[in-house]
Amino acid sequence: MIRLVRAEFLKLRTTQVWFWLLLAALAISVLIVVASLASSDGIQTSADVPDIFGAANNAAIAALGDECSSLLLLNSDASIAPGCMGALHGALMRCDRVGAAGPKILWPSGELQYSCARKRISLTTEMVTMMGEVWPSAARAARALVCYPRGAYERPFYPRYLSGACFLIRREAWLQAGGFDERYFMYGEDIQLFSDLRRRGWFLVYEPSARCTHVGGASSTGFGYPSPTERASMLLFFSNEGATRALAFRFLLGLEAGMLLGKALVRGRRNLGLAGDLARIALGPARGPALSRGG
C-alpha cells in the first residue's frame, strides 16, 4: 500500500481534491492523509500537528500505522498527473536500494523545473546563489553548477537530491533516516533527509514518466527573496556538516546582508528589513524559524 501525505502550510484548497482521478488510474491501494498546519476550510485532518512543516509530516506519517510500504509526500502547491504514483512506485521497485523516487516537475506554464541536483550543496553553490541577488547571471550560473541540464530530464538518472515538492519514499528508508529533522521550520528538511538517506546507503532515482505540477513559493507568501526562513534552514544544514562549514556560511550571510544593505541605500528602504534579518541569522543560533517577513 502507498500512503500519501499532503502537507498544507497555508490554506487547504478544496478545488484540488482531484485525487479520485488517481485512484481510477492506478491499481495500487492508496490512502490520502492531509497534515494541515493552518487550514481555514473546515476540513478535518488526520491528527493534530505541530506548526512546523517537517514535524507536521512526521506526525501524520506516525499516525498512519506500519502496514504501508511507501509514502508519497506532496506539497500543498503541487499536483500530480494521473499515473504519477504508479510510475514512481515502479521506479522505486526496480532496485531494493532505491530509497526515494521523484517525478519530472513542471511549472504551471508547462516549463521544466530544474528539480534535481547533481552536486552536493556546498558553500560554493550557496555563494554563487547569493551573488544572483545582485547579478541575475550568477543565478543562472548557480543552476548550471548544481542542477542537471535540460536534456537530462528526459531519461531516468540517480541524482544527489530530489525536489521536496513531490517524492515517493520507502517506509523502511524513511524510518532509517528518522523522517524529517524537526529542527527545520520550513525549507532544507528535504535536503537533510536526502543527505541522510545517501549516508545510509540508499539511492535516489528521478523518473521522467511521472509528472507533477508545482506552483512554487505558496508556503512562503509574504517573504521577500531570499527568504529568511530558507537562509536560517541552510545555516542549520551547514551546522550539521560541521562547525567550520557553519562559520563559513555565517560569513557568507554577512556578505549577503551587506549587499542587500547597499541595494537599500541605492534604491530605497525595500531591502532594509531583509538585510537586518539575514544579519541576525548570521549572528544567532542555528535553527529553522524565520525572523520576520523580510520585505
Taking all pairs of distinct alpha-carbon atoms in segment 228-283, Kirkwood radius in angstrom = 11.3
request  = Report, by chain and number, residues whose modeled amide H sits under 5 Å from the one on S70, excluding near sequence neighbours (fewer than 5 apart, same chain).
outcome  = R3, R171
key: By average C-beta atoms within 10 angstrom, highest first, the peptides 142-150, 178-186   = 178-186, 142-150
Sites L265 and A141 - FRET efficiency at Förster radius 30 Å, r taken between beta-carbons, to 0.05 = 0.70
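So, R0 is 35 Å and r is the distance between the beta-carbons of F251 and R200; what FRET efficiency does that work out to, to 0.05? Don't skip to the answer; put the middle values down first.
Numbers: r = 31 Å, r/R0 = 0.88.
Calculated value: 0.70.
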request  = Output the peptides 165-172, 83-90 sorted from most to least packed, where packing is the average of other Cβ atoms within 10 Å over each peptide's residues.
outcome  = 165-172, 83-90
inquiry  = Is the C-alpha gyration tensor of segment 79-211 telling us rounded, prolate or oblate? Criteria: a/c under 1.5 is rounded; beyond that, a/b larger than b/c is prolate, otherwise oblate.
reply    = oblate
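Taken together, the values in this text are just the output of simple stated rules run on the coordinates, not laboratory data. Just so we're clear, the structure is a prediction, and the values are computed from it rather than from any experiment. Cβ coordinates were reconstructed from backbone atoms using ideal geometry, including for glycine residues, and neighbour counts include every protein chain displayed.
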